[in-house]
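**Q** Could you have a look at this structure, given as structure tokens, before my questions?
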Amino acid sequence: MEIKKELWGKTPEGKEIFRYTMTNSKGAYVQVSSVGAGIVAAVVPDKDGKLADVTLGYPDPMSYFGDGPCAGKIPGRFANRIAEGRFTLDGKEYTLPINNGPNHLHGGPEGFQNRVWESRENEGGVEFMYYSEDGEMGYPGNLKAVARYDWSEDNELRLTITAESDAPTIVNLTNHAYWNLNGEGCGDVLGHVLKLNASEYLPTSDSLIPAGESEPVAGTPMDFVTPKVIGLDIKKDFPALNYGKGYDNCWVIDGAQPGQIQSCAELYAPESGRVLEVLTTQPGVQVYTGNWLAGSPVAKCGRSYNDYEGVAIECQNFPDSPNKADYPSPVLRPGETFQQAIIFAFSVR
């Protein structure tokens, strides 16, 4: 495994942005950057052995700051939505910035995804660290988050995320990469085939806050238990699809157990033959079909992306879990360690 570190750019304040390229002996490689500890490229072979970049992103590192899609990055301190930007912890109410309709999304406008993380090469992988101060974006506690990426000879990208806090707080961390297994800039993903190891999903309000109870996917357009073309039902008249202009929901991973890694999703592009299997220790998977990608910064393909040109498969705790007592708890207390893993395993068929 070869790892190359380069200075990719500087912020207006002079903060250095680094990009790391991890290349295996087959020539497949992944690039990660210190902006939001993000995946900025994943170059893997198709069924004919031809390499292409299958993750959405931008050539200019500055485009990653404040981009609507949150491409490739780690949003935090709480990924996804918190209703009305409010939650109560140990009897005290906290107020967070509202940045998505009536709700708080991805840790707020200055969330982890819009920060430059410290970075280093360590023991054959790349590690990013971000120190979030008490009160940042309204969250309690000084929090240290570490994201580690490892790239294998078998084209598996493993992400391990850990966090510790000196006061009770809430944490939900994931990766927000968008995938197009025909190659970024090669059209939409509506012909990709998706399989989810999830027989229930979380219905939401029209502002995408879960209503509470999960419901069976059987007999609805939310059913991906059997592999299904993403575009097959995406225009159906169904509340979840109407609210989000496509898929933007959290599915409950069947049989999820804390600390146990298991397969939650498989994405397949018949055209290229590429397969992406996603494995995780997390209880939920948010699938977002890039319904609002239009108007993104100029991308690696030389233009802005259009809607549906990538699909994000975000392994995470359930949205609004700080306000839902029956959801897995997002609370992190002093002396505890938040620790989750996600594996993006590429192959061909």
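The values are calculated or read from the model by the stated rules, or taken from the named source; none is laboratory data. Being a predicted model, the structure only gives us computed values, none of them experimental. Please note: Cβ atoms are built from the backbone with ideal geometry, for glycine as well, and neighbour counts cover all protein chains shown. Each accessible area value is taken on the protein alone, full model and side chains, heavy atoms only, with ligands, DNA and RNA left out. Shrake-Rupley method; radii C 1.70, N 1.55, O 1.52, S 1.80 Å.
**Q** I need a count of the residues in region 152-161 that are open to solvent by 10 Å² or more (accessible area, probe 1.4 Å), of a type outside the set (Asp, Glu) and assigned to a strand (DSSP E or B).
**A** Total meeting the criteria: 2.
**Q** Take the residues in region 187-215 that are in a strand (DSSP E or B) and among the aliphatic types (A, V, I, L, M), then tell me which one is farthest from Glu84 (Cα to Cα).
**A** My answer is Val193.
**Q** Name the single residue, out of those in region 162-175 being part of a loop (DSSP other than H, G, I, E, B) and open to solvent by less than 10 Å² (accessible area, probe 1.4 Å), that is farthest from Phe318 (Cα to Cα).
**A** Asn175
**Q** Here is a further query. Can you pull out the strands (runs of 3 or more DSSP E) entirely within region 1-116 that have at least 2 residues that are in contact (Cβ under 8 Å) with a residue 60 or more places away in the chain?
**A** Passing ranges, in order: 2-10, 16-23, 29-33, 38-45, 51-53, 86-89.
**Q** Let me ask something additional. Any residue that is of a type outside the set (A, V, I, L, M), within 15 Å of Ala79 (Cα to Cα), assigned to a loop (DSSP other than H, G, I, E, B) and free of Cβ contacts under 8 Å to residues at least 60 places away in the same chain - is there at least one of those in region 141-150?
**A** No, every residue in region 141-150 fails to be of a type outside the set (A, V, I, L, M), within 15 Å of Ala79 (Cα to Cα), assigned to a loop (DSSP other than H, G, I, E, B) and free of Cβ contacts under 8 Å to residues at least 60 places away in the same chain.
**Q** Something else now. Return the residues of region 31-90 that are aromatic (Phe, Trp, Tyr) and open to solvent by less than 10 Å² (accessible area, probe 1.4 Å); say none if nothing qualifies.
**A** Passing the criteria: Tyr58, Tyr64, Phe78, Phe87.
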